[in-house]
Amino acid sequence: GYNCSFADWRDRSFPFQSTRLVVLRSTWDYDLHHREIMAWLKRLAAHSILKNSWELVQWNSDKRYLKDLSARGIDCVPTYYIEEGADQLTRSSFAEILQSFSHKTSKVVVVKPSIGLSTFGVKKFDLSTSAGQDSALEHINQLARDYCVMVQPFLAEVETYGERALAFIDGEFSHAIRKTAFQHLAVAGEAGEAQVQATAEEIAFGYKTLAALNEKPLYARVDIIPDGNGSLRLLELELIEPSLFLKLANGASAKMADAVEACLN
């Protein structure tokens, strides 16, 4: 009984100003137009219900949110941040970064921009060779011209146990998906994902992560991985546009529809 539409955020002919509820679901270009879309969402939230909320979206659009979550007691993948426009990284300063990682696999690192989605700007480097170190430094310094850059130790469990994506709808755990490593943007279910049974420990980790937020999101995806040392680590907390893999879990679409409807009541 609701009048529902799909709309592009760039479509200025769409009557967003008279829309009661806007649910962000596939804003796959927000990283390329970050300032523009954040300003647009702020204006939108002034007259419509936005889910997730403007405050959550703004915070979650830059992966430096991992700093905040770490400070709130969430075990995140160890991350070193190189701010946008910083001095060029040298071999010696890069060595100091690597020494800050206690993880046994810190000779293999992942480099990514703090604002990005899918595999945009994400590269893995083997630093056991001079060529690998040079390639990593070149990529970091190039990214740092325009972005805050994140350097993380590569966790081999991503390719063995597999990243676990835990979907939460209206604050409640719904289902879990095993994702493939370094997954490119693709239709949900067509990049090697599969539904799995999350462990009680993984589900508890997801609830703890959501409890660290200032408000309950309509939807969330908590992406986690074991670190090889007996602990779970948060890779990303997706609150803006994650695939929730609804088609892969029986009943998940109905849960999402009910949660969306509840936003209007």
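The values are calculated or read from the model by the stated rules, or taken from the named source; none is laboratory data. Because the structure is predicted, anything quoted here is derived from the model rather than measured. Positions of Cβ are backbone-derived with ideal geometry, glycine not excepted, and every protein chain shown enters the neighbour counts. What goes into the accessible areas is simple: the full protein's heavy atoms, side chains included, and nothing from ligands, DNA or RNA. Shrake-Rupley method; radii C 1.70, N 1.55, O 1.52, S 1.80 Å.
Annotations
- A cut-off under 10 angstrom between Cβ atoms defines the neighbours of W9, and their net charge, with Lys, Arg +1 and Asp, Glu -1, is -2.
- Atom-type composition of the exposed protein surface of segment 37-155 places 48 percent of the accessible area on carbon and sulfur (1.4 angstrom probe).
- Listed values (1) 63, 40, 34; (2) 120, 38, 30; (3) 47, 47, 38, entry calculated as Cα extents along the principal axes in Å: (1)
- Note on K51: accessible area approximately 50 square angstrom, rounded to 10, probe 1.4 Å, nucleic acids and ligands left out.
- Taking a sphere under 14 Å around the Cβ of L44 and counting the other residues whose Cβ falls inside, with K and R at +1 and D and E at -1, yields a net charge of +2.
- Per-residue surface analysis assigns L235 an accessible area of about 30 Å², computed on protein heavy atoms at 1.4 Å probe radius.
- Residues whose amide H lies under 5 Å from that of F173, counting only those 5 or more places away or on a different chain, are absent; hydrogens are built 1.01 Å from N in the peptide plane.
- For segment 8-98, accessible area per residue (1.4 Å probe, heavy atoms of protein chains only), Å²: 55
- Given their separation in residues at 0.36 nm each and the Cα-Cα distance between them, T180 and E261 gain 25.9 nm when the chain is fully extended.
- Simple Cβ-charge dipole of segment 1-66, Lys/Arg +1 and Asp/Glu -1, about Cα centre, in debye nearest 20: 160
- As a fraction of the 1.4 Å probe accessible area of segment 193-255, surface on carbon and sulfur atoms comes out at 51 percent.
- Computed from phi, the 3J(HN,Hα) profile of segment 91-98 under the Karplus parametrisation 6.51, -1.76, 1.60 (θ = phi - 60°) reads 4, 5, 5, 5, 4, 5, 4, 5 Hz, with x in place of Gly and Pro.
- Treating r as the C-beta distance of D75 and W54 and R0 as 35 Å, the FRET efficiency rounds to 0.80.
- FRET efficiency, E84 to A46 (Cβ-Cβ, R0 25 Å, nearest 0.05): 0.30
- Dipole of the chain, positive direction: furthest Cα of L50, Q88, Q142, with charges on the beta-carbon: L50
- Using θ = phi - 60° in the Karplus curve 6.51 cos²θ - 1.76 cosθ + 1.60, the 3J(HN,Hα) couplings for segment 244-254 round to 9, 6, 4, 5, 8, 10, 4, x, 5, 5, 5 Hz; x is entered for Gly and Pro.
- Angle in degrees between helix 130-143 and the longest Cα principal axis of the chain, rounded to the nearest 10: 40
- All distinct Cα pairs of segment 1-95 go into the 1/r average, and the inverse of that average, the Kirkwood radius, is 16.2 Å.
- Simple point charges give the picture: +1 on the Cβ of Lys and Arg, -1 on the Cβ of Asp and Glu, and for segment 27-169 a dipole about the Cα centre of about 300 debye.
- Taking the average, over residues, of other Cβ atoms within 10 Å as the packing measure, peptides 8-16, 149-157, 71-79, 205-213 rank 149-157, 205-213, 71-79, 8-16 from highest down.
- Local net charge near I203, Cβ-Cβ under 12 Å (Lys/Arg +1, Asp/Glu -1): -1
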